[in-house]
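The values are calculated or read from the model by the stated rules, or taken from the named source; none is laboratory data. Here the structure is a predicted model, which is why all the values come from computation and not from measurement. Cβ: placed from backbone, ideal geometry, glycine included. Neighbour counts: every protein chain shown.
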Amino acid sequence: MAKMKVLVLNGPNLGRLGVREPDVYGHQNLHQLARQCTQWANDLGFSVEVRQSDDEAEVIHWIHEAVDNHNPVILNPAAFTHYSYGLADAAAQLHTADLPLIEVHISNPASREAFRRHSVISPVATSTITGLGFVGYKLALEAIGELEK
Ligand code: DQA
C-alpha cells in the first residue's frame, strides 16, 4: 500500500521563522521545521510535504489539492487565521471529505493581541494545537496517525 502523504501548509511570514520575533516564534527556521516534520513522519510511517506561502490563493489551491488527492492537512494559517473566509471555505471542503485538518500555531494566539483571539479556521478544523512551538506539528502528525489507523 502507498504511504499516506500529509501536507504541512504554512501561511504568511512563516518563511521568516528564525528571523521573525524569535522571542515569540523561536530561533529555528522553516527549513529546520521541514527537516523535523520529515523525520517525525518517517517515524510514523508516512510522508510529508512541508510548504509555505505568503499568497492566500496559493494556500487555498494547496487545500483543494489535498481534498482531491485525499491528503490529511496540518495547517498553520498564520495571519490568514484571523480573517481569511476564502481559506475557511477551502478548509470546510476537507471537513466534507472527512479528511483531518489540524490547525497549528507555534505561539499561543489566545495570550496575545485581541485580533489573534479569533480564528475563522478553528470551526472547520478537526483540532487546534497552540503554544507548543514546533512540537505542535509533531503532535499534529501523531494525531493524524491515530485518526487514520
Ligand atoms: C501564528 C499566530 C498568528 O497570529 C500569526 O499571525 C502568525 C503565526 C503562530 O504560529 O503562532 O503568523 O499562526
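Scanning the stretch 28-75 for residues that are aliphatic (A, V, I, L, M) and loosely packed, with under 14 Cβ neighbours inside 10 Å yields one hit, Ala57. Only residues that are crowded, with 20+ Cβ neighbours inside 10 Å, more than 11 Å from the chain's Cα centre (by Cα) and of a type in the set (A, V, I, L, M, F, W, C) were counted across the stretch 99-120, and they come to 1. For His118, the stated conditions do not hold, so it cannot be described as out of contact with any Lys or Arg (no Cβ under 9 Å at 6 or more places or on another chain), of a type outside the set (A, V, I, L, M, F, W, C) and more than 16 Å from the ligand (Cβ to nearest atom).
Report yes if Asn29 is within 16 Å of the ligand (Cβ to nearest atom) and either more than 22 Å from Ile144 (Cβ to Cβ) or free of Cβ contacts under 8 Å to residues at least 12 places away in the same chain (or both), otherwise no. Yes; evaluated as a whole, the condition is true for this residue.
Only one residue in Glu65, Glu49, Glu103 is closer than 16 Å to Met4 by Cα and in a strand (DSSP E or B), so which one is that? Result: Glu49 is the single residue among Glu65, Glu49, Glu103 that is closer than 16 Å to Met4 by Cα and in a strand (DSSP E or B).
In the stretch 94-106, the residues that are in contact (Cβ under 8 Å) with a residue 60 or more places away in the chain and under 30 Å from His27 (Cβ atoms) reach residues that are part of a loop (DSSP other than H, G, I, E, B) and within 16 Å of the ligand (Cβ to nearest atom) with C-beta atoms within less than 6 angstrom, at least six apart or across chains, in these pairs: Ile106/Gly133. Of the candidates Ala78, Ala66, the single residue that is touching a residue at least 60 places away in the same chain (Cβ under 8 Å) and touching a Leu at 6+ places or on another chain (Cβ under 6 Å) is Ala78. Summed over the stretch 32-54, the residues that are in contact (Cβ under 8 Å) with a residue 12 or more places away in the chain and of a type in the set (Asp, Glu) give a count of 2. If I ask for residues that are over 16 Å from Ser119 (Cβ atoms) and aromatic (Phe, Trp, Tyr), which ones from the stretch 60-91 would you list? Listed by number, the list holds a single entry, Trp62. Exactly one residue out of Leu139, Leu87, Leu94 is among the aliphatic types (A, V, I, L, M), part of a helix (DSSP H, G or I) and under 16 Å from Pro12 (Cα atoms): that is Leu87.
For Ala143, indicate whether it is away from the ligand (no atom under 12 Å from the Cβ), of a type in the set (Gly, Ala, Ser) and either over 13 Å from the mean Cα position of the chain (by Cα) or at pLDDT 95 or above (or both). The answer is yes for Ala143.
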